[in-house]
Each structure stands twice: as C-alpha cells, then as structure tokens.
Amino acid sequence: MKQFDYDFKSEGVEEPPGEYSAYKDFTTLACWKDAREVKLFFNKEIIPQLPREAKYNIENQIRNAFISITANIAEGYGRFHYREGIQFYRVARGSLFELKDHLISCRDLNYINEDIYQKGIELIEKAKISLNGYINYVQQKIK
C-alpha cells in the first residue's frame, strides 16, 4: 500500500505526534472487527429466522443496534480527543447489550434454536470483552 502524498500539515490539520498511520484506522481495531462479526451474524443467522409478524418490530430494532455498534466505534475513532471517543465507544457497548437482549428475546419467543443462540452469545461476549479492553486502553491514554 502506498503512503499518502498529501501534506495534512499544510492545511492546518495535524495528527498527534506518532499517532497517524496511513495503514491504520478503525477497521484495524480488534473491537471493530469483533463487532462486525456480530453484525454479520445477526444479518445472516437471526433476521432470516424471524417470522413475518416480527419483521417490522424486532427486526428494525436489531438492525439499528448492530449498525450502531460498528458505526459508533468508527465515529469514536475519528474524534480528535480521547474523551470524546470514549463516549462513542460506550454508546457502542450499550448497543451491544441491547443486541444481547434482542437475542434472548428471539430465543424466548422460539424464533431461533439453542445452537444459534449460543453462537450469538459467544460472538457478543467476544465483542464485549474486546470493546471493554479498548475503552480501558483509551482511558489509559488520557492519563
């Protein structure tokens, strides 16, 4: 991959020293990758299982939650200040917990079987652990 030839400093925009890399952005974060796995799982494994009567209620809520997780991680990463970023990472974590509740509801209402439920729980827990780890990492950068 080629480095950017554009000189950001000439435009008055500077990255923190040692922070910018043309090869690194939110898509390189483990927490974003894990959240993406959750999003793809729900889109491929849960939504197709929903009965017609649930399509416009729980499906919309599920879609909003899984889109919110990766989008908030991306937006938080794009913020210039760590404290601002943490707010978005916490919103992403809240959406992850919301998605866990929707998964439980899908199991309780017999929309999905136990195997799909367990796989979803595992993916959510993995994403939760990596997102919490990233939040802790960013909090340490503040100090």
| query | When segment 42-67 is examined, which residues are found to be surrounded by fewer than 20 Cβ atoms within 10 Å (Cβ to Cβ), of a type outside the set (A, V, I, L, M) and not in a loop (DSSP other than H, G, I, E, B)? | reply | Asn43, Lys44, Glu45, Pro48, Gln49, Arg52, Glu53, Glu59, Asn60, Gln61, Arg63, Asn64
| query | Does Arg107 count as surrounded by 15 or more Cβ atoms within 10 Å (Cβ to Cβ), of a type outside the set (S, T, N, Q), more than 19 Å from the chain's Cα centre (by Cα) and over 13 Å from Ile62 (Cα atoms)? | reply | yes
| note | Subset of segment 110-143, residues part of a helix (DSSP H, G or I) and either among the hydroxyl-bearing types (Ser, Thr, Tyr) or crowded, with 20+ Cβ neighbours inside 10 Å (or both), comes to Tyr117, Gly120, Leu123, Ile124, Ala127, Ser130, Leu131, Tyr134, Tyr137
| Candidate set from segment 1-55 (those that are polar (S, T, N, Q) and over 26 Å from Ile124 (Cβ atoms)); member that is modelled with the lowest pLDDT | Ser10
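Rundown of residues vs (1) out of contact with any Phe, Trp or Tyr (no Cβ under 8 Å at 6 or more places or on another chain); (2) in contact (Cβ under 8 Å) with a residue 12 or more places away in the chain, yes/no style:
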residue	(1), (2)
Ile69	yes, yes
Gly76	no, yes
Glu84	yes, no
Arg107	no, no
Tyr111	yes, yes
Lys126	yes, yes
Ser130	yes, yes
| field | Ile86 being surrounded by 17 or more Cβ atoms within 10 Å (Cβ to Cβ), in a helix (DSSP H, G or I) and among the β-branched types (Val, Ile, Thr) | value | yes
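The values are calculated or read from the model by the stated rules, or taken from the named source; none is laboratory data. Everything numeric here is computed off the predicted structure, so don't read it as measured data. For neighbour counting, all protein chains shown are included, and Cβ atoms are generated from backbone atoms with ideal geometry for every residue, glycine included.
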